[in-house]
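Trainee: Structure incoming, see below.
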Amino acid sequence: MGFVRNLGDAGVEVVVEGTSEAISRFVKQLQTERPPTCTIHQVDVTHPPGTGEFKEFRILKSDDSRVHAGSVIPPDIAICGNCLRELRDKRDRRHDYFFITCTDCGPRYTIIDALPYDRPRTTMRDFEMCDECSREYKDPSDRRFHAQTVACAVCGPSVTLVTHDGRRIDSTDPIREAGRLLERGHILAIKGNGGYHLASSTLLTEPIVRLRKTKFRVQKPLAVMARDLEATRSFAEVTPAEVELMTSYVKPIVLLRKRAEFDLSEQIAPGLHNIGVMLPYTGLHNMLFDETNERAFVMTSANPPNEPIIKDDEEAFVRLRDVVDYFLVHNRRVAQRCDDSVVRWLDGTATLLRRSRGYAPAPISVAVPKDTCTLAVGGELNVTSCLVYQGRAYMTQHIGDMETLQTLQFQKEATRHLLTLTGCRPDVVGRDLHPLFNTTKYAQELAQESNMRVVPVQHHYAHVAGLMAEHNIDEMVGICCDGYGYGNDGSAWGGEMILADHNGHKRVGHLEPQPMIGGDLATKYPLRMVAGILRDQSELANWLGEREQHFRHGKEEISMILKQMRSAQTMTTSCGRVLDAISGILGLCHERTYEGEPAMKLESAALGGNDVLKLEPVLDGEVIETTPMVREVFASIGRLSTRDLAYSAQSYMARSLGKSAIAVANELRLKTIGFTGGVACNEAIAHILRVTVESEGFSFFLHKSVPPGDGGLSFGQAVVAAKTA
Ligand SMILES: [Zn+2]
Ligand SMILES: [Zn+2]
């Protein structure tokens, strides 16, 4: 007998009356028989004398008094096994109800307008419960007791199928009809929990090509949703660890290795050895497959180039009617847009490539002073915001690349939402060192509007500081490799050895600076990096001449490049640009159409290769030389296989970075070395680096809760900024 109530910060208060044995049993059961998605952070037990005032066990109205005290905001949860069984059970009253949910599953963050998490503060408030649902909601013995998303076909959201020009299709079974349309080669926009997806068949190439044209995604890999694990195994290899990730309550996109006999369209992930696969995470997704033979559907976020995922119906119809053939929509509002999360099992660790649906905004514990409240706004690509408050870091969902006003607007909304939900008023805001980033301007705006102190944090230091905070380490030699970050001296950094400790950070090593011919053009066209690095090679002019078709302006452009390379150029220590150059030399990628493309194709090409060059790392003081390696690869084309050369180049980068880090660590008597930055998502490099470092007796660290790439930047910035508070 007693009661339970929400305390508004996702903490609960339970009062029970009974014999002391019964109470101890209850406290024990609370921890052993908790629901699968429930995390118990802490249990405080007090034993006041019984009063005999309780006649039953009740759920009381939420207490709002603690809303503003480091609230835990629940992320979305994929459909649970019990709901899936009921969905399929002809005798169940929710048979075929596409938005079936219970206390253990369903959307959370994407429907919450405010805390505490109760129905009137979610977008479910538009749907009044029918008598049956209401009875379940109030019955403590029912598995939908107090489930805020409880609904059924009578009272809950409904789904409709609409043509691209807005004509409603009269169907008694719109979801299965949508599945059949996909199988027949149509493109559909499908509204989910966190926004719209674009969907198509995975077997037919025509709709995928059409989708690529309209999404301006020439080569970028598209995620797919597979019917089930068995279907997944028909086109991808799935290890037990990956099965666990795929079937977890998050059901993220997991990057899997394509099978040798991959028989889905090559247009899904062209030139790559892996494919992003997720399992159906709502009733609707499950039902899509019912009357088709498709093993998987393309399921990619519906976002115009460089804009956030579309969430509102009106916008979807305006922006997508020329892209899709049909819309499958429902009538529940999306409160917070949220893309699918992407995870890759990498060198023994589940690595988040994109932390969004199912993870955001669940907090990550960090060791910073408890009374600080600090915000950080990320960099320029894959931006997230992060709030550190009471020893917890809350990261927003994936926002995107800050290239359009829409994305900036989305970041402002998501950040404001996070601040409202937690009730925290930051006095410090961390930002990137780059003076012109949109996020830099945003931080300055916040400083003026809300009186925050701005703390600029160097890009690679932020990555390393984040890695240290995740593992609760005080000092580390951090290897940070990525495409671009504004250096302390204003130049382009991206292959850095950062010593970080309680005093701050110091650059203790870096890759050899290489020229970027034509500045930013060298980021887009890898052959320009090749020309810059190999500028002294006599065969270069001829070699470029033979690749005339890869230059937009042909011969003219090549002679311009040959002229430019004699004069001063922007220099970069970027690891990404060196990998791009190798990808260009080996003919794997001549134009970068999405972030990381040349390096990702290099990694795919190197799969199963051997280190045939076995080059000794060339270190010159703090500088790790890369020219000798690039020269060697260039001299070996045609003589050695592309696969072995690709592998040898990656091996050189990993071993030379490792050797340099070990030298620094030995000198400073440090035992910990970490690897971060976008290049840390490269499996071969991460693995060789680990072996190199561990074989010399050092501890090696990779990210586990935060993305290694710029999606994790705000986390590191917030941690650094919090320490200045
Ligand atoms: Zn459920
Ligand atoms: Zn109902």
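Trainee: Please report, in whole Å, how far the alpha carbons of the chain spread along each principal axis, starting with the longest.
Mentor: That works out to 90, 60, 48 Å along the principal axes.
Trainee: Still on this structure, I have one more. Let's test the formula: R0 of 51 Å, r as the Cβ-Cβ distance of V27 and R184. What FRET efficiency results, to the nearest 0.05?
Mentor: So, using R0 = 51 Å, E works out to roughly 0.35.
Trainee: Report the antiparallel proportion of the DSSP beta bridges in the chain as a percent, rounded to a multiple of 5.
Mentor: Among the beta bridges of the chain, antiparallel pairing accounts for roughly 70 percent.
Trainee: Sticking with this structure for a sec: For a quick check: sort T282, T672 by the number of other beta carbons within 10 angstrom, fewest at the front.
Mentor: By the 10 Å Cβ count, ascending: T672, T282.
Trainee: So which of K251/K441; K213/K251; K601/K704; K441/K601; K138/K251 end up more than 32 Å apart by C-alpha?
Mentor: Over 32 Å apart, Cα to Cα: K251/K441; K441/K601.
Trainee: Please work out whether region 554-644 counts as rounded, prolate or oblate from its C-alpha gyration tensor, where a ≥ b ≥ c are the square roots of the eigenvalues and a/c under 1.5 means rounded, while otherwise a/b larger than b/c means prolate and anything else oblate?
Mentor: Here region 554-644 falls in the oblate category.
Trainee: Once fully extended, how much extra length lies between H590 and T724, figured as 0.36 nm per residue of separation less the alpha-carbon to alpha-carbon distance?
Mentor: Full-extension gain reported as 43.8 nm.
Trainee: Counting pairs of alpha carbon atoms under 8 Å apart in space and at least six apart in sequence, what relative contact order in percent does region 433-584 give?
Mentor: It rounds to 23 percent for region 433-584.
Trainee: While we're looking at this one, here's another question. Over the chain, what is the relative contact order in percent, taking alpha-carbon pairs closer than 8 angstrom and at least six residues apart?
Mentor: 12
Trainee: Extension gain D170-S491, at 0.36 nm per residue separation less the Cα-Cα distance, in nm?
Mentor: 109.5 nm
Trainee: Kindly provide the GluC sites (Glu not before Pro) of region 525-632 that DSSP labels as loop, not H, G, I, E or B, and whose Cβ sees at most 16 other Cβ atoms within 10 Å.
Mentor: When the GluC sites (Glu not before Pro) of region 525-632 are filtered for loop state and at most 16 Cβ neighbours within 10 Å, E539, E546, E591, E622, E625 remain.
Trainee: Under 37 °C and 0.692 mPa s, how fast does region 368-456 diffuse according to Stokes-Einstein, given a Kirkwood radius computed over C-alpha pairs? Answer in µm²/s, whole number.
Mentor: Diffusion coefficient, whole number: 256 µm²/s.
Trainee: Just need the relative contact order of region 247-286 here, percent rounded to a whole number, with Cα pairs under 8 Å and 6+ apart.
Mentor: Here the relative contact order equals 52 percent.
Trainee: Now for a separate question. Given R₀ = 56 Å, what would the calculated FRET efficiency be for K563 paired with K138, taking r from the Cβ atoms and rounding to 0.05?
Mentor: 0.10
Trainee: Right, next: Loop sites only, by DSSP: take the chymotrypsin sites (Phe, Trp or Tyr not before Pro) in the chain that have at most 14 other C-beta atoms within 10 Å and name the longest stretch containing none of them.
Mentor: 217-593
Trainee: Need the C-alpha centroid separation for region 418-477 versus region 641-672, integer Å.
Mentor: A separation of 30 Å, based on Cα centres.
The numbers here are math on the coordinates, done by the rules we state, and not lab data. Computed from a predicted model, the values in this text were never measured in an experiment. When we count neighbours, we look across all protein chains shown, and the Cβ atoms used for this are built from the backbone with ideal geometry, even at glycine.
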